[in-house]
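Here's the structure we're looking at; comments come further down.
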Amino acid sequence: MSPALSLRRVDRRFGTVQALLGVDLDFEPGQVHAVLGENGAGKSTAIRILAGLDQPDSGSVELAGSPVRLRTRDSAVRRGIGLIPQTGSLLGELTLIENLALTQPRQLIRRRHVGETLEAAAASSGLTIDVDTPVRRLGRAQQQLGELAIMVAQGARILLLDEPTSVLDADEIHGLHRQLRVFADTGITVVLITHRLHEVRAVADAATVLSHGTVAWTGRVADVDDVTLARSMVGDLPESAPPPRQPIIDDADPALVLDRVWAATDDLAPVRDVTVRVRPGEVVAVVGTAGSGQRTLAEVAAGVVTPERGARRVTGRASYIPERRSDALLSGLPVKWSAVLPRLKDGRFTRFGMVREDAVDEFARDLLGRFDVRPPNPDLPAGALSGGNAQKLVMGRELDTAPAVAVVHAPTQGLDLLAAQRIRDLILTTAAAGAAVLLISADHEEARALADRVLVLRDGRIVGEHTAADYDHAVHRLVDVPLHEDGPA
Ligand SMILES: Nc1ncnc2c1ncn2[C@@H]1O[C@H](COP(=O)(O)OP(=O)(O)OP(=O)(O)O)[C@@H](O)[C@H]1O
Ligand SMILES: [Mg+2]
């Protein structure tokens, strides 16, 4: 039997960057195939080509053994290939039904018909989704399941997922995995890009590691150990070298205070009566499932959203790394403008009221080099950076300014093993230099590894506080925490 989908000798070059070189890849029907590799390795480029969003310079795509030309996303969809991109593709203002209707403009759309198609597709693959709520009000996990249901409703037999789990918590990841298995068991081909080895073990039948645009390893997951996979991704992992930390002074004045804060926005889950204090040098983590108000809490702590009641107090300058890095980048402009953004008012970047582009250039080149943003080209549009490299840029830019307070949301999402380790070290270095760090994360392991204290957020409230040491046990009881449904006093 031929593979469901293949790349044959595919080359793709962007300017000076060889994103893919002679790549051969086969995806078998009824299997989950993980694609791994360091940031910038070419993973997204490969599946964008498979989904008709990009064309190879040479080589071809084969569908069930026959070459096909996929000139547009539509032509891929018509052949049963669906892609969930790294940043999601649904329109937030619309419901899932409306999003599906949008993809079928040439037919005379009857809303009821579209709704029935979508619900039937969801039911056939065991999905429970809410088809009538604007997408922006659904949690991340629900949005993704919705995208999958839309693709199945469009007749997809091949599903391409670009890092779907980087923003999900452990339970949601488990749910998605279960769903992917159901798809595979009905004969659908699933291609899953991820940076997490334990995820490969949990769900994938086969795996491929891309490295600098070529296939470094491919085979059955059962035949390979984690060390081999990790090595072929990023080479040998150096020991983590977190800086020595000063003991936190118990009665030091906090640099960041949220005092009985209530806040809500149209789009985001509210926070209710939240109190958080972070002292200089301290890392406080806030964990909780999606939809529990983490983004609102981050935006309040960063000063982006004003609380309805309660107060925010910050001593010194605050940096903010938002969950959606696109919010922090000027995507259409050369990378250097995103690199210099928080410092544009520095005297050295202006003269006679004009921006000194040469100084910006030099600064950006240095920053990209120090934080290993690849390619280190200040003139590349920021939107052309791979997901992980965009994340490195935002983290580096924000933490490089020696902030008094750093609000860091999902800092290692989308980072490869090595880059994630560097960013964790950078967070600890920032704290060691005296910053008060508020870390908002869905990743319990990361919270435990970095934080002095861990707060548990649920339905907008802090329902638990733990030291890093006792958090381990606490996390298993997360689901049993009692809730009180009282409103503002
Ligand atoms: N449109 C583009 N213009 C210029 N360079 C690009 C473009 N798209 C991708 N690249 C470059 O091609 C290389 C591969 O990028 P790709 O997005 O495929 O990496 P990736 O493996 O998905 O990485 P990540 O894990 O960070 O998402 C990177 O160096 C990237 O900067
Ligand atoms: Mg990518």
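Values quoted throughout were computed directly from the atomic coordinates according to the rules given, and no laboratory measurement underlies them. Every value quoted in this text rests on a predicted model; they were computed, and no experiment measured them. Please note: Cβ atoms are built from the backbone with ideal geometry, for glycine as well, and neighbour counts cover all protein chains shown.
Starting from the Cα of LEU94, step 7 Å toward the Cβ, then list every residue of the range 46-76 with an amide N under 19 Å from that point.
53, 72-76
For the range 333-481, what is the charge dipole size about the Cα centre, in debye to the nearest 20, if Lys and Arg each add +1 at the Cβ and Asp and Glu each add -1 at the Cβ?
The calculation lands at about 420 debye.
Long-range amide H contacts for VAL305: which residues qualify at under 5 Å (H placed 1.01 Å from N, peptide plane, sequence gap of 5 or more or a different chain)?
Under 5 Å from the amide H of VAL305: VAL300.
Sum -39500 (n - 2.57) across every DSSP H segment of at least 4 residues in the chain, then divide by the residue count to get the 222 nm mean residue ellipticity, nearest 500.
Computed ellipticity for the chain at 222 nm equals -9500 deg cm²/dmol.
Spin-label point model (7 Å from Cα, Cβ direction): what's the THR16 to ARG181 distance in nm?
4.7
Could you give me the percent of Cα pairs per 20 Å distance bin for the chain, shortest bin first, beginning at zero and ending with the bin that holds the maximum distance?
The calculated distribution, bin by bin, is 22, 55, 22, 0.
Tell me the Rg and the Dmax, in Å, that the Cα atoms of the range 47-87 produce.
Rg and Dmax of the range 47-87, Cα atoms, are 9.7, 30 Å.
I'd like to know which of PRO334, GLY414, GLY219 lies farthest towards the positive end of the charge dipole of the chain, counting +1 on Cβ of Lys and Arg and -1 on Cβ of Asp and Glu.
PRO334
Once amide H atoms are placed 1.01 Å from N in the peptide plane, what residues at a sequence separation of 5 or more from ALA436, or on another chain, have their amide H within under 5 Å of its amide H?
Hits under the 5 Å cutoff: GLY281, VAL405, ALA406.
Could I have the simple spin-label model distance between THR429 and ASP267, label points 7 Å from Cα toward Cβ, reported in nm to one decimal?
Taking the two extended label points, one gets 3.2 nm.
From the square roots a ≥ b ≥ c of the eigenvalues of the alpha-carbon gyration tensor of the range 289-357, which class results: rounded (a/c under 1.5), prolate (a/b over b/c), or oblate?
oblate
Report the label-to-label distance for ILE248 and LEU102 in nanometres (one decimal), using points 7 Å from each Cα along the Cα→Cβ vector.
For the pair ILE248/LEU102, the computed spacing is 4.2 nm.
Treating the beta-carbon of each Lys and Arg as +1 and of each Asp and Glu as -1, no other charges, what is the dipole magnitude of the range 83-158 about its Cα centre, to the nearest 20 debye?
Details: 8 positive and 7 negative charges, 30 e Å.
Approximately 140 debye in magnitude.
Which percent, to the nearest 5, of DSSP beta bridges fully inside the chain are antiparallel?
Restricted to the chain, the bridges split so that about 55 percent are antiparallel.
Hey, what angle do you get for helix 140-153 against the long axis of the chain, alpha-carbon based, 0 to 90 degrees rounded to 10?
10
Under 1.5 on a/c is rounded, so check that first for the range 334-384, then, if it is not, pick prolate when a/b is larger than b/c and oblate when it is not; a ≥ b ≥ c are the square roots of the alpha carbon gyration tensor eigenvalues.
prolate
For ARG461, list long-range residues whose amide hydrogen, built 1.01 Å from N in the peptide plane, is under 5 Å from its own amide hydrogen.
ARG272
How much length, in nm to one decimal, is gained on full extension between SER326 and HIS198, taken as 0.36 nm per residue of separation minus their Cα-Cα distance?
Answer, rounded to one decimal: 43.3 nm.
Could you give each residue of the range 10-23 its phi-based ³J(HN,Hα) in whole Hz, using Karplus coefficients 6.51, -1.76, 1.60 with θ = phi - 60°, and x for Gly or Pro?
Values, residue by residue: 7, 10, 8, 10, 10, x, 8, 9, 8, 6, 9, 9, x, 7 Hz.
Determine the shape class of the range 133-289: with a ≥ b ≥ c the square roots of the Cα gyration tensor eigenvalues, call it rounded for a/c under 1.5, and otherwise prolate if a/b is greater than b/c, oblate otherwise. Don't jump to the answer; show the numbers that get you there.
Values: a/c = 3.35, a/b = 1.36, b/c = 2.46.
Since a/c reaches 1.5 but b/c is at least a/b, the shape of the range 133-289 is classed as oblate.
Ranked highest first by the average count of other Cβ atoms within 10 Å around their residues, in what order do 309-317, 261-269, 414-422 fall?
414-422, 261-269, 309-317
Which lysines, if any, have their Cα less than 26 Å from the Cα of LYS345, not counting same-chain residues under 8 positions apart?
Qualifying lysines at Cα under 26 Å: LYS336, LYS392.
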